[in-house]
Amino acid sequence: MVKSMTGYGKAEALLEGGRITVEIRTLNGKNSDVNIKTSLFPRDKDLYVRQKIAKALQRGTIDVFATWEPSAGESARTINVEAVKEYYTRILDLRNSLQGFSMANISTTDRINNEILAAILRFPDVVDTSKKEVVSEGNWPVVEDAIDRALAAVEEFRIKEGEALRKDVVSRVGNILAFEDEVESLAPERLAAVRERLSKNLEELSQKYDEARFEQEMVYYLEKLDINEENVRLRQHCKYFIDTLDGDPAPGRKLGFIIQEMGREINTTGSKANDTAIQKLVVRMKDELEKVREQSMNIL
């Protein structure tokens, strides 16, 4: 089964006092690079979480996020009500003691009171911003379950993306083989044309020559232009590519090496071609192979 290295998963868990949301995002990468971008998890669980995620996802650049959303009651408890009352009373006393103060200057008493409260809530000692332990040893199993569900969602995403990747690269390898069929159909005519051209050029010299020696040299020259071995090896590499794609649970790295071998045979065919039509087909094969290379970089 082909899997993509691109994935996304999200899961939530209800804890006492609020809700924690775990998100995992993965992109392609040569190795497993796990980045835990949250301080909510206990420090002693950091290595465990990294190993758990690396084992499940195997390879890629993996970012783990966790956000905390306290419940309404919990949020209310973070406000120092006594401090708010004290500040509010003192501000009203100050306002009433100001000389020339007149309620006529205030359009709405409720509005000014709301503004006073809003200002008080911005005071540093009114809202408790001290960091509290959200995830503890007691509720860790619930959080770990959310991590597991987020991983399962990532896996499902990767499988779905992998199906699309497989369809694309198999189609492009098929295109390469189709172009190879055309190359093979042109190869005999190309060698015959080269032989005819060389014979004609020799006749135009109007000089005597050893026909046996000429045939030997001709065979040697045509052997250097022969691309049959390259054609056979390219077909073998294409078959090996598909077999590896379908038979290996994580074929990404191996596919990269096979693509290198495919490119080598295509390049050699181009250098030996000595034929415009075959050169055009080689260019099209290179284009398809480059697209296969780009897609395979995202295959697990």
TODO: Find out how many positive minus negative residues lie around R19, taking Lys and Arg as positive, Asp and Glu as negative, among other residues whose Cβ is under 9 Å from that of R19.
DONE: -2
- [ ] Give the peptides 19-25, 86-92 in descending order of average Cβ contacts within 10 Å, highest first.
- [x] 19-25, 86-92
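Students often check this: by mean Cβ neighbours within 10 Å, which of 161-167, 244-250 ranks highest, and how do the rest follow?
Highest-to-lowest ranking by the protection proxy: 161-167, 244-250.
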TODO: Quick one: what are the phi-derived ³J(HN,Hα) couplings along the stretch 279-289, Karplus 6.51/-1.76/1.60 with θ = phi - 60°, whole Hz, x for glycine and proline?
DONE: 4, 5, 5, 4, 4, 5, 5, 4, 4, 5, 5
Task: For G18, residues with placed amide H under 5 Å, excluding near neighbours - done: S71
- [ ] Would you mind checking the stretch 272-297 for residues with the amide N under 17 Å from a putative spin-label position 7 Å along Cα→C-beta of D33?
- [x] 297
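A short reminder: the numbers here are calculations on the coordinates, not readings from a lab. Since the structure is predicted, the reported quantities are computational estimates derived from the model, not experimental observations. Cβ sites come from the backbone with ideal geometry, for glycine too, and all protein chains shown count toward neighbours.
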